[in-house]
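Take a look at the structure below.
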Amino acid sequence: MSSNIETLDTETPDFSAFEVISHGFDHSQYFQGCGLFRSPFNSVVTGAGGCEKEALEDALEQMAGNGASLSLIEQIEKSEDWSETRNEEADAEEMNEVHYFLSIRYNMPAAR
């Protein structure tokens, strides 16, 4: 997990704060998802891919589509050395349903 949270001040959201949750490999039918309960964030995206790096790229694309700032997206992308290790244990048929899941929690300004 990667995070740049310094305090949990929910009164004034920090638009540069984020939390990356690397869930790992899971079957798409059983993945529970990721929420915001008890977090200082107001937005979450979850990416899926064949490895951690692909899941991150998927989540970052969703953030961009939601209007997140480019500087925040770049900060998250550079925050760690993202793994490209794939799940070699699953057979080819099962791999269609097994993905690497990664979620990003962050704050978006309120819509006007």
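The values are calculated or read from the model by the stated rules, or taken from the named source; none is laboratory data. These numbers were taken from a predicted model, which means no experiment stands behind them. Ideal geometry is used to build each Cβ from the backbone, glycine not excepted, and the neighbour counts take in all protein chains shown.
Couple of notes before you dig in:
- Pairs are defined by a Cβ separation below 9 Å, a sequence spacing of at least 6 or placement on different chains, a first member in the stretch 46-62 that is over 13 Å from Ser28 (Cβ atoms), and a second member that is in a helix (DSSP H, G or I) and acidic (Asp, Glu); the pairs so defined are Leu56/Glu77; Glu57/Glu77; Leu60/Glu77.
- Unique residue being within 13 Å of the chain's Cα centre (by Cα) and either of a type in the set (Ser, Thr, Tyr) or surrounded by fewer than 17 Cβ atoms within 10 Å (Cβ to Cβ) (or both) when the list is Ser22, Ser83: Ser22
- If you filter the stretch 63-83 down to residues that are in a loop (DSSP other than H, G, I, E, B) and touching a residue at least 40 places away in the same chain (Cβ under 8 Å), you find that the one that is nearest to Asn107 (Cα to Cα) is Ala68.
- When the residues of the stretch 50-67 are filtered to those that are of a type outside the set (Asp, Glu) and under 14 Å from Ser103 (Cβ atoms), the one that is surrounded by the fewest Cβ atoms within 10 Å (Cβ to Cβ) is Asn66.
- Sole exception among (1) more than 24 Å from Lys78 (Cβ to Cβ); (2) in contact (Cβ under 8 Å) with a residue 40 or more places away in the chain for Tyr30, by number: (2)
- Test for Leu72: is it at pLDDT 95 or above, at negative phi and surrounded by 15 or more Cβ atoms within 10 Å (Cβ to Cβ): yes
- Scope the stretch 33-45; condition in contact with a Leu (Cβ under 7 Å, 6 or more places away or on another chain) and either within 23 Å of Glu97 (Cβ to Cβ) or without any contact (Cβ under 8 Å) to a residue 12 or more places away in the chain (or both); matching residues: Val44
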